[in-house]
C-alpha cells in the first residue's frame, strides 16, 4: 500500500495526519456517524450531504496522537463523480452500509471498485454495518436485513476490516475510527520498512573491455 502524498506530519514531528473518505449509499447514516464521532450528537433527521464536507478528529492510538481528516461524501448517484476525485488523495476509507437495507450492502462492492479506480491502489478500509440496533425491529416488519455473518464474509472476501455501528446509540463509533487509524499506522510503517529494504542504485566504475573503457550507462536520480 502506498500512503497518499497529501498526508503530512505536524510541525512537532509527532502527530501523524491522515485523510479518510467516508462513503456509502445515501441514507446509510454517514453524516450521523460523523456527528456522533466529532460532536457526540445524534439527530433523527439529517439533511443529505451535497458534494463533500470535512471534519477533523484527533485521537490517541497506542499512545500516539493521530489527526484524522474525514471527508463526508454525498451518496446520491449524481454526486459520486465528485467523491471519486477525492479518492486519489485519501489514505483510508470508512465504507458504510445500512444493516436494515440490503441494497446498500449489495452496492458495497461497487463502492470498493470505485475507490481502487480513483485511488489507483487499494486503501485500508473499514467496512461498517450501521444501524445494527434497528435490525431486529426492521426484520419484524418484513424488511430484508443484513446479518453480522454476511458483513464479516464480505469483509473477509475484500480484505477489509469489519465492525457494526450505531450512530444513534453511539455504539462502536469511536472504535471504527480507532481501528482504521491502526490500519493507517501499520500501512505507513510497512511502507517505510519496504523503502529501507530497497537497495540503492550506485554507478559502478569504468570497466575495461579490450582497449577501450566502457562506462556504466545506468543513472542515479541525481545524474
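Just to verify a result, which residue in region 59-75, among those that are loosely packed, with under 14 Cβ neighbours inside 10 Å and at negative phi, is modelled with the lowest pLDDT?
64
Please go through region 28-46 and pick out each residue that is at pLDDT below 90 and touching a helix residue (DSSP H, G or I) at 6+ places or on another chain (Cβ under 8 Å).
If the condition is that a residue be at pLDDT below 90 and touching a helix residue (DSSP H, G or I) at 6+ places or on another chain (Cβ under 8 Å), then 41, 42, 43, 46 are the ones that fit.
Determine, yes or no, whether residue 180 is assigned to a helix (DSSP H, G or I), in contact (Cβ under 8 Å) with a residue 40 or more places away in the chain and farther than 25 Å from residue 27 by Cα.
Spelling it out, it is not the case that residue 180 is assigned to a helix (DSSP H, G or I), in contact (Cβ under 8 Å) with a residue 40 or more places away in the chain and farther than 25 Å from residue 27 by Cα.
Exactly one condition in (1) more than 30 Å from residue 60 (Cβ to Cβ); (2) in a strand (DSSP E or B) is not met by residue 126; state its number.
Exception for residue 126: condition (1).
Can you say whether residue 167 is more than 15 Å from residue 29 (Cα to Cα) and either surrounded by 16 or more Cβ atoms within 10 Å (Cβ to Cβ) or free of Cβ contacts under 8 Å to residues at least 60 places away in the same chain (or both), as far as the supplied structure shows?
no
Taking region 102-116, which residues are assigned to a helix (DSSP H, G or I) and more than 14 Å from the chain's Cα centre (by Cα)?
102, 103, 104, 105, 106, 109, 110
Answer yes or no as to whether residue 99 is within 18 Å of residue 28 (Cβ to Cβ), modelled with pLDDT of 90 or more, buried (at least 21 other Cβ atoms within 10 Å of the Cβ) and within 14 Å of the chain's Cα centre (by Cα). Explain how you work it out, then say what you get.
On the way: within 18 Å of residue 28 (Cβ to Cβ): yes; modelled with pLDDT of 90 or more: yes; buried (at least 21 other Cβ atoms within 10 Å of the Cβ): yes; within 14 Å of the chain's Cα centre (by Cα): no.
Taking the combined requirement at face value, the residue does not satisfy it.
Would you check which residues across region 137-146 are farther than 20 Å from residue 33 by Cβ and free of Cβ contacts under 8 Å to residues at least 40 places away in the same chain and list them?
Residues satisfying the conditions are 139, 140, 141, 142.
With (1) crowded, with 21+ Cβ neighbours inside 10 Å; (2) modelled with pLDDT under 95; (3) assigned to a loop (DSSP other than H, G, I, E, B) as the list, and residue 89 as the residue in question, which single condition is left unmet?
(1)
Of these, 173, 146, which one is surrounded by 12 or more Cβ atoms within 10 Å (Cβ to Cβ), in contact with a helix residue (DSSP H, G or I) (Cβ under 6 Å, 6 or more places away or on another chain), more than 30 Å from residue 63 (Cα to Cα) and modelled with pLDDT of 65 or more? Show your work before the answer.
On the way: 173 fails: more than 30 Å from residue 63 (Cα to Cα).
Just a single option satisfies the conditions, and that option is 146.
The values are calculated or read from the model by the stated rules, or taken from the named source; none is laboratory data. Everything quoted here is computed from the prediction, not taken from an experiment. Every residue, glycine as well, gets a Cβ built from its backbone with ideal geometry; the counts of neighbours run over all protein chains shown.
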